[in-house]
Structures are given as structure tokens and as C-alpha cells.
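The values are calculated or read from the model by the stated rules, or taken from the named source; none is laboratory data. From a predicted model like this one, the values you see are computed outputs, not experimental measurements. Backbone-built Cβ (ideal geometry, glycine too); neighbour counts: all protein chains shown. For accessibility, only protein heavy atoms count, side chains too; no ligands or nucleic acids. Shrake-Rupley method; radii C 1.70, N 1.55, O 1.52, S 1.80 Å.
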Amino acid sequence: MNRKHLHFGLIIFFVFALSCNNSTHEQIFRQYINGFNSGNYELIDKIVDDSIKIFEGDYQITSSKQELRTHFEWDKVFKPKYAINKIIAINDNQSEFIISKHCQRIEYLHDTAIVYKIVVIFNNEKIQEIKTNDYLIFDFEKWQNRRDTLVKWIDIHYPDLNNFINEQTQEGANNYLKAIELFRNQNAEK
């Protein structure tokens, strides 16, 4: 085999290896999304790093699998539906996606799904970090007004639920849904 054929063979090998890695990263992230959509944490547990970090802007949501599990249990109560709208880039250890999310909480606060851009960082075929970089469809003013109105109303009428907005646990999520239901029922009567 001459140098030309060897060089061409190496190029083909590296292109194939990179495309397999990229496909693996897409599959791993799809499994992560499927775990949230189906409420099956076991799908997620296998594919995330022990020190999984999730950021929304500058705010860090998790720094460990245990914190991810708590976040998962909170999110699961709202019956989320995540979708990958677009794959922007898949590289060796970092990929970028456009995601949409809809759930009962978002339905109340925003009416429609929110759409955002994320970066996923992989380490040894596991998700190590997820960063929300940019919201593409998100009406912050509507979200904030509805959230603030709900919090004020609950503080006045149901003070035993007044920490629902800050308690990101399964119980906190159940209280959040209860607060929304109480608010809607009260305002439907008017």
C-alpha cells in the first residue's frame, strides 16, 4: 500500500470515527429527553456523569446526580414534553440543540411551549453539563406577571402554600399545581 492510499484510509477512518461519536452523542441526549418525557429516571441515570451540572443562564440547578434526581422528580409532576427541534452542531465533546418544552406549569405561565438553545457537554460518553444559552420563544413579561399574581394571591388566600414557588421538590411541585388549580377555580367563578 502506498502513502496516498494509507493517507486516504486514515482520513476515512477518522471521519467514520467522528460520525459514530456524533451519532452516539445524539442518541445519548435523545435518551435523556426520553427519560424526562416518560418519567423514567433509570434512562437518565445511566447516561449522566456523577457531577452533572445544569445551568439556566447563570443559575446552576444541579451539581450532582442526587440533585438531578430531585430536579427530575419536581419536573415530572408537571408532565413535561420535551422535543429536540433542531440539532445545531455535534462535535467531539460538545453538542448544541434547540429544544422546546411544554408542561402544566408552562401552560399556566406562558400558554405555549418555550423554545431555547442548549449546549450539552459530554465526558466519556456521559452527559457532564447542560447549559441553556438563549431563549428563542419565551415571553418573560407574561411569565413574570402570571407568576407574581399567583404568588401574591396564594400568600393572601392560602398562606400554607406560600413557599411553593421556591421548593423544587416533588412536594413543592404538587403544591405549585395545587396553587394553580385553586387560583383558576377561584377566578373561574367570577
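Specify the longest stretch of the chain that does not include any exposed loop site, a site being one of the GluC sites (Glu not before Pro) with a non-H, G, I, E, B DSSP assignment and at most 15 other Cβ atoms within 10 Å. Each step should come with its number before you reach the end.
Working: sites that count: GLU125, GLU167, GLU189.
Looking at the chain, 1-124 is the longest stretch - no exposed GluC sites (Glu not before Pro) with at most 15 other Cβ atoms within 10 Å.
Too long at a 30 Å Cα-Cα cut-off: which of LYS81/LYS142; LYS46/LYS142; LYS46/LYS178; LYS126/LYS178? From LYS81/LYS142; LYS46/LYS142; LYS46/LYS178; LYS126/LYS178, over 30 Å: LYS46/LYS142; LYS46/LYS178; LYS126/LYS178.
Over the stretch 19-103, average the accessible area per residue using a 1.4 Å probe and give it in Å², no decimals. Walk me through the intermediate numbers first.
Working: 4100 Å² over 85 residues.
Per residue, the stretch 19-103 has 48 Å² of solvent-accessible surface.
Compute the distance from the alpha-carbon center of the stretch 125-190 to that of the stretch 22-73, in whole Å. Cα centroid to Cα centroid, the span is 22 Å. With the gyration tensor restricted to C-alpha atoms of the stretch 19-160, the semi-axes of the equivalent ellipsoid amount to 29, 17, 13 Å, longest first.
Taking every DSSP bridge with both residues inside the chain, close to 85 percent are antiparallel.
Looking at the stretch 132-179, which trypsin sites (Lys or Arg not before Pro) are DSSP coil and have at most 14 other C-beta atoms within 10 Å of their C-beta? Spell out each step's value before the answer.
Values: sites: LYS142, ARG146, ARG147, LYS152, LYS178; in loops: none.
Within the stretch 132-179, no trypsin sites (Lys or Arg not before Pro) qualify (loop, at most 14 other Cβ atoms within 10 Å).
Based on C-alpha pairs under 8 angstrom that are at least 6 apart in sequence, the chain has a relative contact order of 18 percent. Taking the 1.4 Å solvent-accessible surface of the chain as the whole, the part contributed by carbon and sulfur is 50%.
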